[in-house]
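Some notes on the structure that comes next.
The values are calculated or read from the model by the stated rules, or taken from the named source; none is laboratory data. Because the structure is predicted, anything quoted here is derived from the model rather than measured. Virtual Cβ from ideal backbone geometry, glycine too; neighbours counted across all protein chains shown.
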Amino acid sequence: MEKQVEAEENSFEKFGLSEELLKAINDVGYETPSPIQLKTIPLLLSGKDVVGQAQTGTGKTAAFALPMLEKINIKSKDVQALVLTPTRELAIQVAEAFHTYSKYLGSVRVLPIYGGQSISQQIRHLRSGVQVIVGTPGRVMDHMRRETIDISNLKIVTLDEADEMLRMGFQEDVEWILSHTPEERQTALFSATMPREVRRIAERYLKEPENIEVERKTMTVPTVKQFYVNVSESQKTDALTRLLEVEANSGEAVLIFHRTKVGAADLTVKLQARGYAAEAMHGDLNQNQREAIIKRLRSGQVEIVVATDVAARGLDVERIASVINYDMPNDTESYVHRIGRTGRAGREGRTVLFVTPRQQRMKRDIEQYTKQKIEPMKIPTQADVASRRMALFKERILKTLVDEELDLYLSIVEELAEESGCDIAEIAAAAAFLGAGDKPLEVAVEPKPEQLSFQEDGMVRLFFDIGRNHRIGPADIVGAIANEGNVPGKAIGAIDVYDRFTLVDVPSEYVQQVVKGMGNTRIRSQKANIRLAAPHEISEDKPRRDKPTKGKDKGFKKDKKQERKGKKKYSKR
């Protein structure tokens with residue numbers, strides 16, 4: 001009973017958030033607030049300024065986004081909330097979080113603005129009415145000087161990763177923006193470290209702020225081997241079943257983590273349909289139900305538990321040999337908690353993390369936090385599955401020969417051989433066929449992909465018929481795909497810019513919308529024709545006359561120079 005009361009107290013309902021926000025939080029799968037959320041949300045809701053020392057992966061985006069959304073008047077089209085971030089990737093990521101949390105609020109318009117994206121397109125969006133702006137300091141300052149952003153009704157400003165913004169040379173830009181915002185605004189500042197420059201900004205521009213510090217000790221689990229698999233969302237269930245067939249050992253239990261209660265229940269049903277003794281464990285189950293599942297897990301009646309983070313807290317079962325992160329955890333601390341469910345009592349554990357193309361940054365954050373490398377592994381092929389089935393089937397037969405009394409069955413085989421004239425080996429093969437059941441031992445042919453050439457798991461290469469000769473750089477491509485193709489910038493893969501064309505890797509789930517959405521797109525005033533790359537254009541071994549520009553770093557540097565040129569130009573006016 002005490003645990004149930006404690007769980008209710010540590011829920012998002014305690015903050016007094018609107019029903020619409022709580023519904024969105026439930027959809028995302030957040031069941032209990034993280035430490036930074038517990039400390040920050042009440043303060044921001046009460047109107048206080050906040051200085052929070054918290055690193056990436058602690059859940060700080062929700063800590064400031066939820067109170068900001070709670071304060072927005074959706075009937076007004078004025079800019080009411082501003083978030084400054086050091087990079088375009090973070091701006092896009094934070095804007096996506098706002099979209100996710102606000103989906104039941106109605107017409108909340110959130111706009112990420114950053115260098116490398118068409119400023120005229122940003123101006124058009126701004127003129128149509130935007131309530132939340134998430135942007136990099138250089139581009140936000142540019143719009144403010146152009147007077148394309150009206151911040152006269154701004155209610156709250158958040159500086160995200162303030163130390164990183166200052167390290168990148170944005171201190172003057174940040175101070176200029178803050179000095180031009182309304183005096184009565186509320187301000188929040190978040191930073192992983194608190195160097196002197198960050199403290200000076202806090203002292204100068206925040207009013208009697210509450211200081212919050214979330215300790216995050218580096219945690220390691222030396223007895224756990226960690227692996228990750230690159231998958232798309234559509235591949236996850238198939239990848240999971242193959243892993244279970246190839247990696248799982250008899251007598252050992254597997255714990256699978258899913259982000260939501262509904263997802264955990266649905267995945268459990270799918271596993272049960274495939275013959276696995278699986279149970280779901282989530283927040284809708286009471287303590288007695290959870291304890292009953294744990295008891296069956298310990299006794300071997302259950303071999304797989306599909307759980308949400310909150311349901312697995314305190315789960316200590318030595319039989320759990322493997323943990324599979326079917327969904328990426330919400331923060332790095334949750335990851336450490338998850339993998340700590342295996343490798344108990346000095347035993348060696350094993351974990352697998354499913355990583356979609358859009359979650360590469362979170363994987364790197366986890367590695368940085370744990371100071372441990374997560375090793376790559378491939379999804380088992382159908383041949384691997386068949387080989388594993390064959391090995392287990394042989395083991396079953398040999399064990400039966402040793403453990404069981406087979407005189408009756410031997411006499412049956414001898415009688416069949418005499419009556420039918422068949423060879424004893426043929427009769428044994430027929431018996432083995434019956435014994436194999438519904439899991440065939442033959443290798444099935446791997447299905448061919450649908451005319452898509454995958455560069456890596458889940459990524460497809462596209463061909464753009466413009467390149468360096470058209471003054472095109474990686475940043476222009478990223479901005480166009482993100483804006484016109486409606487693809488998160490962080491999901492875009494490798495970019496090779498040649499003299500006359502460009503090759504870009506995008507996640508397979510976005511291919512159709514990119515090709516369709518960019519049908520009439522112009523990049524730097526050039527008409528861009530887009531199609532799937534041909535096989536000879538995909539091969540990395542094919543020699544090319546053009547030398548490519550790889551990645552997006554050069555584009556980032558160019559944008560930074562452009563932003564600084566813009567600042568100097570306005571300073572001279």
Query raised in the report: Which one is surrounded by the most Cβ atoms within 10 Å (Cβ to Cβ), of the residues in the range 318-358 that are under 22 Å from Arg298 (Cα atoms) and small (Gly, Ala, Ser)?
Result: Ser322
Report summary line: Those residues of the range 490-517 that are farther than 12 Å from Pro357 by Cα, in a loop (DSSP other than H, G, I, E, B) and in contact with an Asp or Glu (Cβ under 6 Å, 6 or more places away or on another chain) come to a total of 3
Report summary line: Filter the range 34-48 for residues that are buried (at least 21 other Cβ atoms within 10 Å of the Cβ) and assigned to a helix (DSSP H, G or I); the one that is farthest from the chain's Cα centre (by Cα) is Leu44
Query raised in the report: Has the range 194-213 got at least one residue that is closer than 28 Å to Thr356 by Cα, assigned by TED's automatic domain parsing to the domain that holds Lys39, buried (at least 17 other Cβ atoms within 10 Å of the Cβ) and in contact with a helix residue (DSSP H, G or I) (Cβ under 6 Å, 6 or more places away or on another chain)?
Result: no
Query raised in the report: Can you name every residue in the range 57-102 that is surrounded by 21 or more Cβ atoms within 10 Å (Cβ to Cβ), in a loop (DSSP other than H, G, I, E, B) and hydroxyl-bearing (Ser, Thr, Tyr)?
Result: Thr58, Thr85, Ser102
Query raised in the report: Quick one: which of Val478, Val487 is modelled with pLDDT of 80 or more, in contact with a helix residue (DSSP H, G or I) (Cβ under 9 Å, 6 or more places away or on another chain), part of a loop (DSSP other than H, G, I, E, B) and under 30 Å from Ile113 (Cβ atoms)?
Result: Val487
Query - Given (1) over 25 Å from Arg139 (Cα atoms); (2) β-branched (Val, Ile, Thr); (3) part of a strand (DSSP E or B), index of the condition Val51 fails - result: (1)
Report summary line: Every listed condition ((1) without any contact (Cβ under 8 Å) to a residue 60 or more places away in the chain; (2) part of a loop (DSSP other than H, G, I, E, B); (3) farther than 29 Å from Asn330 by Cβ) holds for Val108 save (3)
Query raised in the report: If you scan the range 152-187, which residues turn out to be β-branched (Val, Ile, Thr) and in contact with a Pro (Cβ under 7 Å, 6 or more places away or on another chain)?
Result: Val174, Ile177
Report task. For the range 365-391, name all the residues that are farther than 15 Å from Asn325 by Cβ and either in contact with an Asp or Glu (Cβ under 7 Å, 6 or more places away or on another chain) or surrounded by 15 or more Cβ atoms within 10 Å (Cβ to Cβ) (or both). Result -> Lys373, Pro380, Thr381, Gln382, Asp384, Val385, Ala386, Ser387, Arg388, Arg389
Query raised in the report: Do we find that Asn520 is assigned to a loop (DSSP other than H, G, I, E, B), within 20 Å of the chain's Cα centre (by Cα) and surrounded by fewer than 19 Cβ atoms within 10 Å (Cβ to Cβ) in this structure?
Result: no
Report summary line: Picking from Glu303, Glu318, the residue that is at pLDDT 85 or above and either farther than 19 Å from Val229 by Cα or small (Gly, Ala, Ser) (or both) would be Glu303
Query raised in the report: Looking at (1) at pLDDT 90 or above; (2) more than 27 Å from Lys363 (Cβ to Cβ), which is the one condition that is false for Gly275?
Result: (1)
Query raised in the report: Which one is surrounded by the fewest Cβ atoms within 10 Å (Cβ to Cβ) among residues in the range 115-162 that are of a type in the set (D, E, K, R) and touching a residue at least 60 places away in the same chain (Cβ under 8 Å)?
Result: Asp150
**Report entry** Candidate set: the range 1-58, residues that are hydroxyl-bearing (Ser, Thr, Tyr) and more than 24 Å from Arg204 (Cα to Cα); chosen: the one modelled with the highest pLDDT
**Finding:** Ser18
Query raised in the report: Restricting the first residue to the range 363-382 and requiring it to be in contact (Cβ under 8 Å) with a residue 12 or more places away in the chain, which pairs with a second residue that is surrounded by fewer than 19 Cβ atoms within 10 Å (Cβ to Cβ) and hydroxyl-bearing (Ser, Thr, Tyr) meet a Cβ separation below 8 Å and a spacing of at least six or different chains?
Result: Tyr369/Thr218; Thr370/Thr218; Thr370/Thr220; Lys371/Thr218; Lys371/Thr220; Gln372/Thr220
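Go over the candidates Leu240, Leu244 one by one and state the one that is at pLDDT below 90, surrounded by 20 or more Cβ atoms within 10 Å (Cβ to Cβ) and out of contact with any helix residue (DSSP H, G or I) (no Cβ under 7 Å at 6 or more places or on another chain).
On inspection, the qualifying residue turns out to be Leu244.
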Report task. Could you tell me whether Gln117 is part of a helix (DSSP H, G or I) and assigned by TED's automatic domain parsing to the domain that holds Phe98? Result -> no
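Tell me yes or no: at least one residue of the range 72-86 is under 23 Å from Gly283 (Cβ atoms), out of contact with any Phe, Trp or Tyr (no Cβ under 6 Å at 6 or more places or on another chain), among the β-branched types (Val, Ile, Thr) and at pLDDT below 90. Before you say what the answer is, go through the steps one by one.
Of the residues in the range 72-86, the ones under 23 Å from Gly283 (Cβ atoms) are none.
No - not one qualifying residue is present in the range 72-86.
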